[in-house]
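Heads up: the structure comes next, in structure tokens.
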Amino acid sequence: MMRKPDGSYCLVEIKTTSPFNKAAWENGNIPIPYIYQVRTYMAILGVWECVVVCMFDRDTLIANTIKRDLDEEMRIIQGCEDFWMGNVLPHFPPVPLGEPEAALDTIHKYAGDADKNAPSKVLDKSFADICSKYSKVRAERDAARTTFEALDKQCKDMVVPIAAAMGTSILAETTGLDGTRWLLKYAPRMSRAGVDMKKLEALYPKAYNDCFIPQKESSRIFTLKAANK
């Protein structure tokens, strides 16, 4: 809480992040999760303003101000109440929302790793309709992928003589019979820096053991097939 020169009070919320995330904070923007957070603070404390400060390094920070919005506040509070009464108290998992990857990550986070000894589940018939639709969409996706791969190979085949003619040069140009001037760029793409893990383990076993992260479940692969009726 901060007292302003006019005697009123406002909240001050301080965040830290990498300089790579600076764009998310520029031009008065505040990432959505933090907006929900500070709006909830303002609702509880009855404060009408919050200054959200984000530090990117020792010398760089951005301060953005968010004003209280009673309509948005009511929507958030109603959502919290619905979640508490409809999901938390009755122990009923909420319907996953948002982008599929984020929803699957959330399911994995709260459900835990797969249990290879768990019995097979029999799902409601409504899931059979989803499986049927999935099978059709997957076939369309695979057909589009086949077309893409064929066109991609054609593009790569046409790059081969151009790359051979350019040699070590990054830039080139050519002019067609119709007068069209083409500017070419064959830019280098660097591989990721790596670590020789076997060498590290052999020469510095303690450092290897201190830094070694064992394999763990990061995601799961979904497949389906139609069984005989």
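All of the numbers you see were taken from the coordinates with simple rules; none came from a lab. Keep in mind it's a predicted model, so treat the numbers as computed, not measured. Every residue, glycine among them, receives a Cβ derived from its backbone with ideal geometry; neighbour counts consider all protein chains shown.
Decide, for the range 104-228, between rounded, prolate and oblate: order the square roots of the alpha carbon gyration tensor eigenvalues as a ≥ b ≥ c, take rounded if a/c falls under 1.5, and otherwise choose prolate if a/b is larger than b/c, else oblate. Oblate, since a/c reaches 1.5 and b/c is not below a/b. Extension gain for Ile14-Ala172 works out to 51.9 nm (0.36 nm per residue, less the C-alpha to C-alpha distance).
The Kirkwood hydrodynamic radius of the chain, based on inverse pair distances between different Cα atoms, is 25.6 Å. Note on the chain: helix-only mean residue ellipticity at 222 nm, from DSSP H runs of 4+ residues weighted -39500 (n - 2.57) and normalised by residue number, equals -13500 deg cm²/dmol. Against the main long axis of the alpha-carbon atoms of the chain, helix 100-111 sits at an angle near 60°.
Sequence-ordered 3J(HN,Hα) estimates for the range 203-209 from the Karplus curve with 6.51, -1.76 and 1.60 and θ = phi - 60° stand at 8, 9, x, 5, 4, 4, 5 Hz, glycine and proline given as x.
Note on the range 131-200: the C-alpha convex hull projects to 10.2 nm² when averaged across all orientations. If a/c stays under 1.5 just call it rounded; otherwise compare a/b with b/c (prolate if a/b is bigger, oblate if not). Do that for the range 30-86, with a ≥ b ≥ c from the square roots of the Cα gyration tensor eigenvalues. Note, shape of the range 30-86 comes out prolate.
Report, to the nearest 10°, how far helix 32-45 tilts away from the longest principal axis of the Cα atoms in the chain, using its own Cα long axis and a range of 0 to 90°. So the helix axis and the longest Cα principal axis differ by about 0 degrees.
Between the range 41-90 and the range 91-169, how far is it from one alpha carbon centroid to the other, in angstrom? So the separation of the two Cα centres works out to 34 Å. Between Gln37 and Lys185, the modelled labels are 3.7 nm apart [label points 7 Å from Cα along Cα→Cβ]. Once the Cβ-Cβ distance of Val122 and Asp6 is raised to the sixth power relative to R0 = 45 Å, the FRET efficiency obtained is 0.10. Using 0.36 nm per residue of separation minus the Cα-Cα distance, give me the extension gain between Trp84 and Asp59 in nm, one decimal. Gain in length upon complete extension: 4.9 nm. Ratio of Rg to Rh for the range 71-177: 1.25 [Cα atoms; Kirkwood radius as inverse mean 1/r over pairs]. In a DSSP loop and with at most 15 other Cβ atoms within 10 Å, the trypsin sites (Lys or Arg not before Pro) in the range 1-64 are Arg58.
Cross-linked pairs Lys136/Lys216; Lys153/Lys185; Lys116/Lys216; Lys22/Lys67: Cα-Cα separations exceed 25 Å for Lys136/Lys216. Taking the longest Cα principal axis of the chain as reference, the axis of helix 126-166 is set at about 50 degrees.
Taking amide H as placed 1.01 Å from N in the peptide plane, Leu184 has its amide H under 5 Å from the amide H of Ala172, Glu173, Thr174, each at least 5 places away in sequence or on another chain.
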